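In what follows, a single structure is set out as structure tokens and then discussed.
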């Protein structure tokens, strides 16, 4: 019995919101996965109690949720998985948090992540690695590793993550849960502590496609406080896309996302899924996206450049760590940033500073932005005659903790299937589609800009006609 | 390729202190990534750069005063304050 919104809602009706919230905290107490950075037991129980006594008509009333620790929560510590924000308590809620609170959701606490969202394994967190619940010697993926792992471990029914180069979809794939990266601009970034502003998006995670759609209906509106946020572009709810039907749906299969570098079991699972959808009335055809091979380099140039600018604000003056002693301002900044940032963050800031520096700006940054145009065109062309594209989310299942962390480039290569989607700004949902040696495999369904409806429908149909979403740690696994 | 001196220069631009022992290790790891970035030179890019995926430009609002975050709340996170100000090391 999976702990999704429907079953939690039933439990609340059968018992109380307070009992349900308390039982999640009990589960967390015996956790082996190090998924949480901050637990908010007092405020969560208080809110649950209030909902029990006064009632609440919101769509997520009483539903507990875990929040990635780069999303600002008023009065609750927010660390971005970094030492440099130690002690920082945001004085405001992110837009998505305001919406969740108004909907009656209960924030259990903040979950672990790669430091400043830079990573694919949650190994760069100042608060230690989170372990994959399916195999404690393996990574949960990243950077929203905590968000995925706590849902897989039933420590929270739903969570929010953020996705800049795959950071919702990767851990969803490695942990066997559903994760959606919305179209760039569909969800407000106000209050999301920025990594790469032209790529970041907050995304929902849960056991089912329906749960992600429900969360999107709460958080996905136009927010004037984020000038890049346009919100939903239709009047229909995301939940209305939960239709079990792919008759006539045209699936594009990009050949560059398969083949060399992709695990054989992963490929087989994804092709089985495509054939499953075909048996349900969809058709598929192979497409080519010729610039895919350049996406990873373009992504890392753009993301590190934007990060070097975004992380310049962490200087020890207004929040977080403050260095001892009082030397000149430059030394002060340099010492606090050296002490407060981890290795990977420093590396990316230096890469980005280099890529933007005089003499290299055109060669790296502008060049990468032009490659971005070509990648965006690849998606537009592939989706011209297709409704969705289907590809593996990650080229492999969860790797071992420590396996890739010593060589940055090897770790970056794991993002090869996810980053092109962020460069193009299109939406993508990762759903479980199989297992290999007991470890989850995920496929991603990619859609046109602002066409979450179609990818949700395809994902929901696949899910309802298979049983991967019912597999949990307590049940048998193939 | 980035030299140890360039690493030092870039790090100072980024206001990150790197000591001599670390410089070499940074240069090595950075160089392997920069080698990979050179891939971008392989293709012809006779297109405009994409700064924003949907070509959004300045989004303005009317010049109306709305409440902001209260100053006292903001100052709670500042490690060192004096009166209504955040205290910082000497700049000039």
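State whether one or more residues within the range B:54-71 are more than 7 Å from chain A (Cβ to nearest Cβ), more than 30 Å from residue A:291 (Cβ to Cβ), without any contact (Cβ under 8 Å) to a residue 40 or more places away in the chain and in a helix (DSSP H, G or I).
So far as the range B:54-71 goes, yes, one or more of its residues are more than 7 Å from chain A (Cβ to nearest Cβ), more than 30 Å from residue A:291 (Cβ to Cβ), without any contact (Cβ under 8 Å) to a residue 40 or more places away in the chain and in a helix (DSSP H, G or I).
When the range B:72-91 is examined, which residues are found to be exposed (fewer than 10 other Cβ atoms within 10 Å of the Cβ), more than 9 Å from chain A (Cβ to nearest Cβ) and either assigned to a loop (DSSP other than H, G, I, E, B) or under 25 Å from the mean Cα position of the chain (by Cα) (or both)? First the steps, then the outcome.
Initially, the range B:72-91 is screened for residues exposed (fewer than 10 other Cβ atoms within 10 Å of the Cβ), giving B:72, B:82-84, B:90-91.
Then drop every residue that is not more than 9 Å from chain A (Cβ to nearest Cβ), which leaves B:72, B:82-84.
Selection gives B:83, B:84.
Does any residue of the range B:28-49 turn out to be under 19 Å from residue A:337 (Cβ atoms) and either within 7 Å of chain A (Cβ to nearest Cβ) or buried (at least 19 other Cβ atoms within 10 Å of the Cβ) (or both)?
Yes: one or more hits.
Looking at A:53, A:38, A:22, can you tell me which residue is on the phi < 0 side of the Ramachandran plot and touching a helix residue (DSSP H, G or I) at 6+ places or on another chain (Cβ under 8 Å)?
Numbers: A:53 fails: touching a helix residue (DSSP H, G or I) at 6+ places or on another chain (Cβ under 8 Å); A:38 fails: touching a helix residue (DSSP H, G or I) at 6+ places or on another chain (Cβ under 8 Å).
Residue meeting the stated conditions: A:22.
Can you tell me which of (1) within 21 Å of the chain's Cα centre (by Cα); (2) on the phi > 0 side of the Ramachandran plot is the one residue B:16 doesn't meet?
Here residue B:16 clears every test but (2).
Counting only residues that are away from every other protein chain (no Cβ under 14 Å) and in a loop (DSSP other than H, G, I, E, B), how many does the range A:195-230 have? Give the steps one after another, and end with the answer.
Within the range A:195-230, the first condition is being away from every other protein chain (no Cβ under 14 Å), and the residues that meet it are A:195, A:202-221.
From what's left, in a loop (DSSP other than H, G, I, E, B): A:195, A:207-208, A:220-221.
Residues meeting the conditions: 5.
For the range A:376-478, list the helices (runs of 4 or more DSSP H) that sit wholly inside it and hold at least 2 residues that are surrounded by fewer than 24 Cβ atoms within 10 Å (Cβ to Cβ); which are they?
Per the criteria, A:408-413, A:452-464.
Check whether at least one residue in the range A:375-394 is farther than 21 Å from residue A:451 by Cβ and free of Cβ contacts under 8 Å to residues at least 24 places away in the same chain, and report yes or no.
Checked against the condition, which is being farther than 21 Å from residue A:451 by Cβ and free of Cβ contacts under 8 Å to residues at least 24 places away in the same chain, the range A:375-394 yields no hits at all.
Taken together, the values in this text are just the output of simple stated rules run on the coordinates, not laboratory data. No experiment lies behind these values; they were computed from the predicted model shown. In this analysis, Cβ positions are derived from the backbone assuming ideal geometry, glycine residues included, and neighbour counts consider all displayed protein chains.
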